[in-house]
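The values are calculated or read from the model by the stated rules, or taken from the named source; none is laboratory data. Computed from a predicted structure; not experimentally measured. Don't worry about glycine lacking a Cβ; one is built from the backbone with ideal geometry, like all the others, and counts go over all protein chains shown.
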Amino acid sequence: MMFSGIVTQSKTVIRNVAVLGLALLLIGNYADMTGHHLLVIEVHKMLFFDSFGLLGNSIAFASTLLLVLLSGRDMEKIGHNLAEYYALIFFVLCGVSLVTTFNSLLMLFLGIEILSIPLYILTGSDKKNLKSNEAALKYFLMGAFSTGLMLLGIAFLYGASATGTFIIDDLWTAKPAVSPLLMSGLLLLLVSIAFKVSAAPFHFWTPDVYDGAPTVFTSFMATIVKVSIFIGFVRLFDEGFGAGAAQWQIFVAIIAAATLFIGNITAVFQQSVKRMLAYSSIAQAGFMLLALLALTRVAKEGIILYAAAYSLATIGIFAILIRMKDYTFEGFNGLAKQQPLLAATCTIFLLSLAGIPLTGGFFAKYYMLAAVVSTGKFMWLVVFAVLCAAVSAYYYFRVIQAMYFKEGDAATETAPSAGFKGLLVLLAALVLVLGVFPQALLNQLYAFIYTW
Amino acid sequence: MIPVLLIVIPLVTGLAGFFEKSGRRARSWSLLSSLLTLAVSLWGLSLDKSSGLLHADVEWLPELGSRFAVGLDGLSTILSLLTAICFPLIFIATWRDEYRGRSWNFYALMLLSQAGLMGVFLATDALLFYFFWELALIPVYFLCSQWGGEKRIAVTFKFFVYTFVGSLLMLIGLIWIYWHTPDHSFAMQSFYAMRAKIPAKDQMWLFWILFIAFAIKMPIWPLHTWQPDTYEQAPTATTMVLSALMVKMGLFGVIRWLAPVVPAGTWAWGDTVSAGCIIGMIYASLVAIRQDDLKRLIAYSSIAHVGLMCLAIFATTSIGMQGVMIQLFNHGINILGMWIVVDLIERQTGTRKISQLGGLAQKAPGLAILLVVVALANIALPLTNGFVGEFLLFSGVFTSKATQYNVVFTVVAGLTTILSAVYTLNMIRRVFFGSTNALTDRVTDIRVNEKIVLAVIVMIIVFVGVYPKPVLDLTKETAEFILGKMNYKL
């Protein structure tokens, strides 16, 4: 509904236009949330704009805005087609807003595709780098495969529904017994989306793609894209299959446990911070899957909070990482002495990812755990998740140790500008605000009509 | 009002401390701040118990059923008072210690850890308690990793992981109870009201999921392995915070958030935990006898003393509970005194090895006298505060009806008192008497600031030892209240 492909060719103003466009998107989205519809389009029940989806959109747009502001200049270094990069990012955002607000399986498919194809291109945008090309090809092949599965799943579901419908609300209704067709369709959909959010055992593309892609786009993929697909994921399973949760919960629980385990354990052994962050994003996805498992009101609030806290922290870390010369842990040695401000903000982001109180990450994790505990089932998974969270502290704290307690000359490529530092402080402040008053964000859910 | 001030003063001054940019200014600043906290704490002590100033309760997270609720009752008064007394003493005693690098950060982090500790002791809301519980850990992590000994990074990280696992498990337990409160509230009253409603079957596992966090912090055998290493490697000022105050967090957690909330679980597992305490006490005392490093010796002695306190909590007697509360205070003061002496010795001679020391009494008579008093308090000789505490603890354990092994426990625990006399007196003999050597020849007697601190400590030791009534009066009501809650059949 409110997306635009920016097709500006004038290179000097491209960045400013992108920022302006994002700001407009954000304002438009906010206006919609408050009930001032700027533009009303008849969508024939294909899309459904509730506060959950719109809030998801806001997080995606705001995160992109911050990303562009923080790392926009680094995008210029990748190649010459700056305008195209921004255009592709806007296409992705278009897909994101479809995925967060879809009401029909067709729209979900459309959204996922609009979102994926530009990502394949962005991954390979560093044309002279072999790793980037390899990553793009790998991503494309795997992505195409999962899309096929998704389409098959949708077709099954269409066939299984009594009246032949794509509208998710009607998929499960008036079903006395679960047909094998419906169940297999559901599982195919689960697998394909699990692939998109890099949940184990469908995560194998993630480290290579995240590592190979230019860091700016890794940051984009690992945060904005991932969390918005998650919001769509929760939406689909809650509205579509919420009634039959008991039938498929066990699959989600197994996927969540496997994701947490593989993500965390593998991250421990990484030598490169970038690759560690790739695995940590898998681990964080495992935590987000807990929301899908619980599907209570708390879980939905939690996934919004998780999306915000995780995106903010990860964007911040990636923004700092881009500026580093050396991406290994050793590369961070002694950063605190060279750039105390960068180190301090980076510490806040890492603490947030580890889930330490006073940062947004704590309440994000708290909500996930509380959601599952409130259902009274899967206590083993909660304990397992908590133990994995303790493992995650190991690799996040390795970066902190390198920055503060080890001697070294961590070098940034260029001296960070005052604006960059200011934005990082703003980002860190946001993380802290979420950590003390998570309601600041969640009240948005209560304030607007709760449509679920 | 007062509890809020106790948290806010160190928090704000600590944050301001990061911008001092001068180690000396930061040092004076933090001393000033800690004295102010002490003044507020004493003000709170002077007020009547019914005074509205002793509690504060403001809206924090209404949708989560959590409020920013803090309050001073007997237990939290005595522990916040201990915290308020210890910090200025620590700052004065380590006045001359030099910290490399950005030393103002050291003082800022110390104040932040004080804020965290105060929060833990004062919170009357479970989520808030958890919040501060973890918050107290973070500054200490940075303090130890930045300014500790050679192996500091690995050792501190071990400590961090241990406590982090424990606290996350505790979080699950707290969330579980929270979801089962009828009004979905984290308030202490709601939690206490749950004690009879949680089915016994659930209390069995809830007990452990909560207790592990506290057991790691205390530490109870076999979860103690982080402690000697961390004490040894941490900078002395931080070791003082760790052993005098942070250890109390574990005991405090059991008294406030575990025993009254899951009494049936506490009842059922009491013997198991007590056995762990006993094993730990004997083990730690035996290891302490063989230690050559002063810091490690005190670390192990701390495990033994804390084990006794934990044992007394699970004895569930009025006299034992009183003993625990008074001993929490005493142990903090005594061990602080021990650390100050160790710090003095190490700074002057450059070693902590008992085998390399000797004859200090000739060179530093003032130090020797003060150490002997502190050491005697540590082994609980009459007229010292340690005697009052341990006497109550032992009689509490002995008269316990919660366990059928009360006599065995008392006898074996009594043995450790003898063992503690062995290693403490042995340490004094080898460090202070005998002939001097090249290292100890250079030693001069203690300076004014150290004299003041040790004199204050000795005064507290003797005062509480001779006239413990004020402290006992302070904690009596709370002890009875907690015991009432622990009796789940009522």
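Name, by its number, the condition in (1) within 11 Å of chain A (Cβ to nearest Cβ); (2) within 18 Å of A:VAL386 (Cβ to Cβ); (3) out of contact with any strand residue (DSSP E or B) (no Cβ under 6 Å at 6 or more places or on another chain) that does not hold for B:LEU127.
That leaves (3) as the condition not met.
Could you tell me how many of the residues in the stretch A:284-305 are under 23 Å from A:PRO207 (Cβ atoms) and in contact with a Lys or Arg (Cβ under 8 Å, 6 or more places away or on another chain)? Even if it seems obvious, please write down each step before you answer.
Residues of the stretch A:284-305 under 23 Å from A:PRO207 (Cβ atoms): A:284-290, A:292.
With the extra rule that they be in contact with a Lys or Arg (Cβ under 8 Å, 6 or more places away or on another chain), the set shrinks to A:285, A:287.
Counting residues in the stretch A:284-305 that are under 23 Å from A:PRO207 (Cβ atoms) and in contact with a Lys or Arg (Cβ under 8 Å, 6 or more places away or on another chain) gives 2.
Considering only the stretch B:106-124, state which residues are touching a strand residue (DSSP E or B) at 6+ places or on another chain (Cβ under 6 Å) and assigned to a helix (DSSP H, G or I).
B:LEU122
Does any residue of the stretch A:364-377 turn out to be at pLDDT below 85 and in a loop (DSSP other than H, G, I, E, B)?
yes
Based on this model, can you work out whether B:THR444 counts as of a type in the set (Val, Ile, Thr), loosely packed, with under 14 Cβ neighbours inside 10 Å and out of contact with any strand residue (DSSP E or B) (no Cβ under 6 Å at 6 or more places or on another chain)?
Values: of a type in the set (Val, Ile, Thr): yes; loosely packed, with under 14 Cβ neighbours inside 10 Å: yes; out of contact with any strand residue (DSSP E or B) (no Cβ under 6 Å at 6 or more places or on another chain): yes.
Considered against the rule, which asks whether it is of a type in the set (Val, Ile, Thr), loosely packed, with under 14 Cβ neighbours inside 10 Å and out of contact with any strand residue (DSSP E or B) (no Cβ under 6 Å at 6 or more places or on another chain), B:THR444 comes out as yes.
Of all residues in the stretch B:307-350, which are assigned to a helix (DSSP H, G or I) and either at positive phi or touching a Cys at 6+ places or on another chain (Cβ under 7 Å) (or both)? Before the answer, list the steps.
Keep residues of the stretch B:307-350 that are assigned to a helix (DSSP H, G or I), which gives B:307-315, B:318-349.
Within the stretch B:307-350, B:GLY307, B:CYS310, B:LEU311, B:GLY332, B:LEU336 qualify.
Please tell me if B:GLU390 is among the acidic types (Asp, Glu) and modelled with pLDDT of 85 or more.
On the way: among the acidic types (Asp, Glu): yes; modelled with pLDDT of 85 or more: yes.
Considered against the rule, which asks whether it is among the acidic types (Asp, Glu) and modelled with pLDDT of 85 or more, B:GLU390 comes out as yes.
On the basis of being under 26 Å from the mean Cα position of the chain (by Cα), surrounded by fewer than 23 Cβ atoms within 10 Å (Cβ to Cβ) and within 14 Å of chain A (Cβ to nearest Cβ), does B:LEU5 make the cut?
On the way: under 26 Å from the mean Cα position of the chain (by Cα): yes; surrounded by fewer than 23 Cβ atoms within 10 Å (Cβ to Cβ): yes; within 14 Å of chain A (Cβ to nearest Cβ): no.
No.
Conditions: (1) within 30 Å of B:LEU483 (Cβ to Cβ); (2) in a helix (DSSP H, G or I); (3) over 22 Å from the mean Cα position of the chain (by Cα). B:GLN404 meets all but one. Number of the miss?
All conditions pass for B:GLN404, except number (2).
What's the number of the only condition in (1) part of a helix (DSSP H, G or I); (2) more than 18 Å from B:VAL324 (Cα to Cα); (3) in contact (Cβ under 8 Å) with a residue 60 or more places away in the chain that B:THR444 fails to meet?
Only one criterion is unmet by B:THR444, namely (1).
Determine whether the stretch B:397-415 contains at least one residue that is modelled with pLDDT of 85 or more, under 17 Å from B:VAL342 (Cβ atoms) and touching a Ser or Thr at 6+ places or on another chain (Cβ under 8 Å).
Checking the stretch B:397-415: not a single residue is modelled with pLDDT of 85 or more, under 17 Å from B:VAL342 (Cβ atoms) and touching a Ser or Thr at 6+ places or on another chain (Cβ under 8 Å).
Restricting attention to the stretch B:434-447, does a residue exist that is modelled with pLDDT of 80 or more and of a type outside the set (Lys, Arg)? Let's see the steps before the verdict.
Initially, the stretch B:434-447 is screened for residues modelled with pLDDT of 80 or more, giving none.
Looking for residues that are modelled with pLDDT of 80 or more and of a type outside the set (Lys, Arg), one finds none in the stretch B:434-447, hence no.
Out of the stretch B:183-198, which residues are in a loop (DSSP other than H, G, I, E, B) and modelled with pLDDT of 85 or more? Before the answer, list the steps.
Initial filter on the stretch B:183-198 (in a loop (DSSP other than H, G, I, E, B)): B:183-186, B:197-198.
B:SER185, B:PHE186 - these are the residues of the stretch B:183-198 that are in a loop (DSSP other than H, G, I, E, B) and modelled with pLDDT of 85 or more.
Search the stretch B:171-185 for residues that are at the interface with chain A (Cβ under 9 Å from one of its Cβ atoms) and pair each with any residue that is part of a helix (DSSP H, G or I) and surrounded by fewer than 18 Cβ atoms within 10 Å (Cβ to Cβ) when their beta-carbon atoms are under 9 Å apart and the residues are at least 6 apart or on different chains.
Close Cβ pairs (under 9 Å, with a partner that is part of a helix (DSSP H, G or I) and surrounded by fewer than 18 Cβ atoms within 10 Å (Cβ to Cβ)) amount to B:ILE172/A:MET379; B:ILE172/A:VAL383; B:TRP176/A:MET379; B:TRP176/B:ASP202.
Mind checking which pairs have a first residue in the stretch B:48-61 that is within 12 Å of another protein chain (Cβ to nearest Cβ) and a second that is assigned to a strand (DSSP E or B), Cβ under 7 Å, 6 or more apart or different chains?
Qualifying pairs under 7 Å: B:GLU59/B:ARG67; B:TRP60/B:SER66; B:TRP60/B:ARG67; B:TRP60/B:PHE68.
Which condition number in (1) away from chain A (no Cβ under 14 Å); (2) touching a residue at least 24 places away in the same chain (Cβ under 8 Å) is the one that B:ALA108 fails?
(1)
Identify all residues within the stretch B:149-160 that are at the interface with chain A (Cβ under 9 Å from one of its Cβ atoms) and free of Cβ contacts under 8 Å to residues at least 12 places away in the same chain; write none if there are none.
Correct list: B:ILE153 only.
Given the residues A:GLY316, A:GLY240, which is the only one that is surrounded by fewer than 23 Cβ atoms within 10 Å (Cβ to Cβ) and touching a Leu at 6+ places or on another chain (Cβ under 6 Å)?
Working: A:GLY316 fails: surrounded by fewer than 23 Cβ atoms within 10 Å (Cβ to Cβ).
Exactly one residue qualifies, and that residue is A:GLY240.
Looking for whichever is part of a helix (DSSP H, G or I), touching a residue at least 24 places away in the same chain (Cβ under 8 Å) and among the small types (Gly, Ala, Ser) here; the options are B:ALA284, B:ALA275. Which one fits?
Values: B:ALA275 fails: touching a residue at least 24 places away in the same chain (Cβ under 8 Å).
B:ALA284 is the lone residue from the list that is part of a helix (DSSP H, G or I), touching a residue at least 24 places away in the same chain (Cβ under 8 Å) and among the small types (Gly, Ala, Ser).
Can you find a residue in the stretch B:132-148 that is closer than 15 Å to B:ILE209 by Cβ, more than 7 Å from chain A (Cβ to nearest Cβ) and part of a helix (DSSP H, G or I)? Give the steps one after another, and end with the answer.
Applying the first criterion (closer than 15 Å to B:ILE209 by Cβ) to the stretch B:132-148 yields B:133.
With more than 7 Å from chain A (Cβ to nearest Cβ) added as a condition, the list becomes B:133.
Still in the list and also part of a helix (DSSP H, G or I): B:133.
Within the stretch B:132-148, one or more residues are closer than 15 Å to B:ILE209 by Cβ, more than 7 Å from chain A (Cβ to nearest Cβ) and part of a helix (DSSP H, G or I).
Select from the stretch A:330-368 the residues that are more than 24 Å from the chain's Cα centre (by Cα) and surrounded by 24 or more Cβ atoms within 10 Å (Cβ to Cβ) and write down the one among them that is nearest to the other protein chains (Cβ to nearest Cβ).
A:ALA336
Within the stretch B:151-188, count every residue that is more than 25 Å from the chain's Cα centre (by Cα), surrounded by fewer than 16 Cβ atoms within 10 Å (Cβ to Cβ) and farther than 13 Å from B:LEU127 by Cβ.
Total meeting the criteria: 2.
Could you tell me how many of the residues in the stretch A:369-421 are within 30 Å of A:LEU65 (Cβ to Cβ), within 9 Å of chain B (Cβ to nearest Cβ) and charged (D, E, K, R)?
0
Keeping to the stretch A:319-329, report how many residues are touching a strand residue (DSSP E or B) at 6+ places or on another chain (Cβ under 8 Å), among the charged types (D, E, K, R) and either buried (at least 24 other Cβ atoms within 10 Å of the Cβ) or not in a helix (DSSP H, G or I) (or both).
1
State all residues of the stretch B:84-107 that are hydrophobic (A, V, I, L, M, F, W, C) and closer than 28 Å to B:ILE460 by Cβ; if no residue qualifies, say none. It would help to see each step written out before you state the result.
Keep residues of the stretch B:84-107 that are hydrophobic (A, V, I, L, M, F, W, C), which gives B:84-87, B:89-93, B:95, B:104, B:106.
Selection gives B:ALA84, B:ILE85, B:CYS86, B:PHE87, B:LEU89, B:ILE90, B:PHE91, B:ILE92, B:ALA93, B:TRP95, B:PHE106.
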